[in-house]
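Peer 1: Mind having a look at this structure? Questions to follow.
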Amino acid sequence: MIKKAFVAALIFAALTACSKAPTAQSILAAASAAMKADNLRSLEYSGSGLQFALGQSPNPDAPWPKFNAKSYIRSINYEIPQSRQVLVRTQAENPPHGGGQQPLVGEQTQTLVALGSSPWDPQMEIWITPHGFLKAAAANGATVTQQTLDGKVYNVLSYMAQGKYKVNGYISPQNMVERVETWIDNPVLGDMLVEAMYSGYKDFGGVIFPAKIVEKQGGCPVLDLDVAEVKVNVPVMLDAPPAPAPVMVTSEKIADGVWYLTGGTHHSVVVEFSDHIVVVEGPQSEARATAVIAEAKKLVPNKPIRYLVNTHHHWDHSGGVRRFVAEGAIIVTHQINQPYYEKTLALPHTLNRDRLAETRTPVKFETLNDMKVLTDGARVMELHHVEGSGHNDGIILAYLPKERILIEADLFTPPGDPKTPPPEPRSVYAINLRENLDRLKLNYQIVLPLHGRRSDQAELVKFATPRP
Ligand SMILES: [Zn+2]
């Protein structure tokens, strides 16, 4: 396929060699005029369609789970620059399947703000829009090549953003920006491809804009939008979003040799064995994993972290796996995840060289299907597959029988205020968890959820039992 495209590009180059080759400037000028970008300072487009939760697939081979994008409004000021996306989404998968805060009850509003001072992700959301691309390509001295895609010859304009992030825009023979691609750093996929596809261009009252927008990240759609309205040069002046919270890890001793590591949105549990440490969950990112590892070593000095237990492959729970591999830990996870991790751990991380990119430590796995026990003779940790969970096909829980402690992710998350009543209807993921705990006859008392706060059996059962 690539070879075919290359040959086609060569033929095209040969055919056009006699005529004057178009320059990047002339292509930009023609596209900017055709798309009415010249005097465009800001715009607001709105519509509806589908949104998909990145990194939250029900299993490693499935696409991102979908949600209804009931309404979507995007405001962009290209001059300052600023962008705000307000998405109202509702549950679409029926029955619920995958993560992304399923099952959603009612409507949920998500707001995403990007500024010129933001990191490339999310700032790139401004510059991969069709008109944003033309403006950035002009400002950054884009160069041009020709490429054939699906039998169509495109002028591809390319530039490097912030000296490091490549951006390619595909200009059709009709002078429309039909595709923009760039790469962003991702803790799991490394240099992750972002693709935006634009089609159905028409006049939306002063600007030529696509009626259809499809954005993909990591190879699968994250947005499929039907544009209903576009407003040109409307005032867009946004407040800066709150700065992201610094990585903080706090620990609470739950039992002898058992600590609950919190301090952010995603928790871990440290368990001391006779000559090593087991950490349950390396979530989010290299930064969080580094802080969790430091805290584990502080709590249990002079013992290596031999095992990282990974509850499931969702990116917010596996974003720190690479850091634990670099630490020399064996990854303990459900067997459906091993091929996925073998593949993703080998992907290039050139945009953000992390520790594993430096150490290239070979990864070691110990996987389970139904059950596995980690023990040194005295301490026992049981790992069980949660059968039939809609959240994730390979999700596992950890259980310390002597301490009567249950550790679980995403299936039951107690609300911050203990007086908050359970959702109506109850989460099918929580109900399924309780059914598994009953089936396995686990005699737990303390619950350490990997989101939220410490809980107990009575509260879990209350949240996981439908009202009669
Ligand atoms: Zn999850």
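The values are calculated or read from the model by the stated rules, or taken from the named source; none is laboratory data. Just so we're clear, the structure is a prediction, and the values are computed from it rather than from any experiment. FYI the Cβ positions are ideal-geometry reconstructions off the backbone, even for glycines, and counts take in every protein chain you see. SASA here: full protein model, heavy atoms, side chains in, ligands and nucleic acids out. Shrake-Rupley method; radii C 1.70, N 1.55, O 1.52, S 1.80 Å.
Peer 1: Out of (1) within 16 Å of the ligand (Cβ to nearest atom); (2) among the hydrophobic types (A, V, I, L, M, F, W, C); (3) in a strand (DSSP E or B), the odd one out for Leu50 is which?
Peer 2: (1)
Peer 1: Looking only at the stretch 225-243, decide whether some residue is out of contact with any Cys (no Cβ under 8 Å at 6 or more places or on another chain), open to solvent by 80 Å² or more (accessible area, probe 1.4 Å) and more than 17 Å from Glu44 (Cα to Cα).
Peer 2: yes
Peer 1: What are the pairs, 6+ residues apart or on separate chains, where a residue within the stretch 112-126 that is more than 19 Å from Ile73 (Cα to Cα) has its Cβ under 8 Å from a residue that is open to solvent by less than 40 Å² (accessible area, probe 1.4 Å) and assigned to a loop (DSSP other than H, G, I, E, B)?
Peer 2: Filtered contacts from the stretch 112-126: Gly116/Pro81.
Peer 1: Could you list, in sequence order, the residues of the stretch 431-465 that are in contact with a helix residue (DSSP H, G or I) (Cβ under 8 Å, 6 or more places away or on another chain), more than 23 Å from Gly98 (Cα to Cα) and open to solvent by 50 Å² or more (accessible area, probe 1.4 Å)?
Peer 2: Result: Gln445, single match.
Peer 1: For Pro130, are the conditions met, namely being modelled with pLDDT of 95 or more and within 18 Å of the chain's Cα centre (by Cα)?
Peer 2: no
Peer 1: Could you check the stretch 322-335 and list, in sequence order, the residues that are free of Cβ contacts under 8 Å to residues at least 60 places away in the same chain and open to solvent by less than 10 Å² (accessible area, probe 1.4 Å)?
Peer 2: Passing the criteria: Phe324, Val325, Ala329, Ile331, Val332.
Peer 1: What about Gly394, is it at pLDDT 95 or above, within 16 Å of the ligand (Cβ to nearest atom) and over 21 Å from Leu308 (Cα atoms)?
Peer 2: Here the answer is no, as Gly394 does not meet what is asked.
Peer 1: Read through the list (1) under 25 Å from the mean Cα position of the chain (by Cα); (2) among the β-branched types (Val, Ile, Thr); (3) surrounded by fewer than 20 Cβ atoms within 10 Å (Cβ to Cβ); (4) not in a loop (DSSP other than H, G, I, E, B), then give the number of the only condition that Thr148 fails.
Peer 2: The one condition Thr148 does not meet is (1).
Peer 1: Taking the residues in the stretch 293-345 that are in contact with a strand residue (DSSP E or B) (Cβ under 7 Å, 6 or more places away or on another chain) and of a type in the set (S, T, N, Q) as candidates, determine which candidate is nearest to the ligand (Cβ to nearest atom).
Peer 2: Thr311
Peer 1: Can you tell me how many residues within the stretch 92-140 are closer than 19 Å to His391 by Cα, buried (at least 16 other Cβ atoms within 10 Å of the Cβ) and more than 16 Å from the ligand (Cβ to nearest atom)?
Peer 2: 1
Peer 1: Which is modelled with pLDDT of 95 or more, out of contact with any helix residue (DSSP H, G or I) (no Cβ under 6 Å at 6 or more places or on another chain), open to solvent by 30 Å² or more (accessible area, probe 1.4 Å) and within 16 Å of the ligand (Cβ to nearest atom), of Val428, Val380?
Peer 2: Working: Val380 fails: within 16 Å of the ligand (Cβ to nearest atom).
Exactly one of Val428, Val380 is modelled with pLDDT of 95 or more, out of contact with any helix residue (DSSP H, G or I) (no Cβ under 6 Å at 6 or more places or on another chain), open to solvent by 30 Å² or more (accessible area, probe 1.4 Å) and within 16 Å of the ligand (Cβ to nearest atom), namely Val428.
Peer 1: What about Thr344, is it modelled with pLDDT of 95 or more, over 15 Å from Glu281 (Cα atoms) and either open to solvent by less than 30 Å² (accessible area, probe 1.4 Å) or among the aromatic types (Phe, Trp, Tyr) (or both)? If you could, list the steps in order and put the result at the bottom.
Peer 2: On the way: modelled with pLDDT of 95 or more: yes; over 15 Å from Glu281 (Cα atoms): yes; either open to solvent by less than 30 Å² (accessible area, probe 1.4 Å) or among the aromatic types (Phe, Trp, Tyr) (or both): yes.
Taking the combined requirement at face value, the residue satisfies it.
Peer 1: Considering every residue within the stretch 348-371, establish whether at least one is within 16 Å of Val188 (Cβ to Cβ), among the acidic types (Asp, Glu) and either open to solvent by 20 Å² or more (accessible area, probe 1.4 Å) or modelled with pLDDT of 95 or more (or both).
Peer 2: yes
Peer 1: Taking the stretch 374-400, which residues are farther than 13 Å from His313 by Cα and among the small types (Gly, Ala, Ser)?
Peer 2: Result: Gly377, Ala378, Gly388, Ser389, Gly390, Ala398.
Peer 1: Could I ask something else about it? Taking the stretch 216-265 only, how many residues are in a loop (DSSP other than H, G, I, E, B) and touching a helix residue (DSSP H, G or I) at 6+ places or on another chain (Cβ under 6 Å)?
Peer 2: First pass over the stretch 216-265, keeping only residues in a loop (DSSP other than H, G, I, E, B): 218-219, 233-249, 256-257, 263-265.
Checking which are touching a helix residue (DSSP H, G or I) at 6+ places or on another chain (Cβ under 6 Å) leaves us with 247, 249.
Here the count works out to 2.
Peer 1: Right, another one. Identify all residues within the stretch 406-425 that are within 13 Å of the ligand (Cβ to nearest atom) and of a type in the set (A, V, I, L, M, F, W, C); write none if there are none.
Peer 2: First, pick out the residues of the stretch 406-425 that are within 13 Å of the ligand (Cβ to nearest atom): 408-413.
Hits for the stretch 406-425 are Ala409, Leu411, Phe412.
Peer 1: Considering (1) in a loop (DSSP other than H, G, I, E, B); (2) out of contact with any Gly (no Cβ under 8 Å at 6 or more places or on another chain); (3) within 16 Å of the ligand (Cβ to nearest atom), say which one Glu403 fails and leave the rest.
Peer 2: Checking Glu403 against (1) in a loop (DSSP other than H, G, I, E, B); (2) out of contact with any Gly (no Cβ under 8 Å at 6 or more places or on another chain); (3) within 16 Å of the ligand (Cβ to nearest atom), the one that fails is (3).
Peer 1: Sticking with this structure for a sec: Does the stretch 297-334 hold any residues that are of a type in the set (A, V, I, L, M) and either closer than 23 Å to His384 by Cβ or assigned to a loop (DSSP other than H, G, I, E, B) (or both), and which are they?
Peer 2: Residues satisfying the conditions are Val300, Ile305, Leu308, Val309, Val321, Ala329, Ile330, Ile331, Val332.
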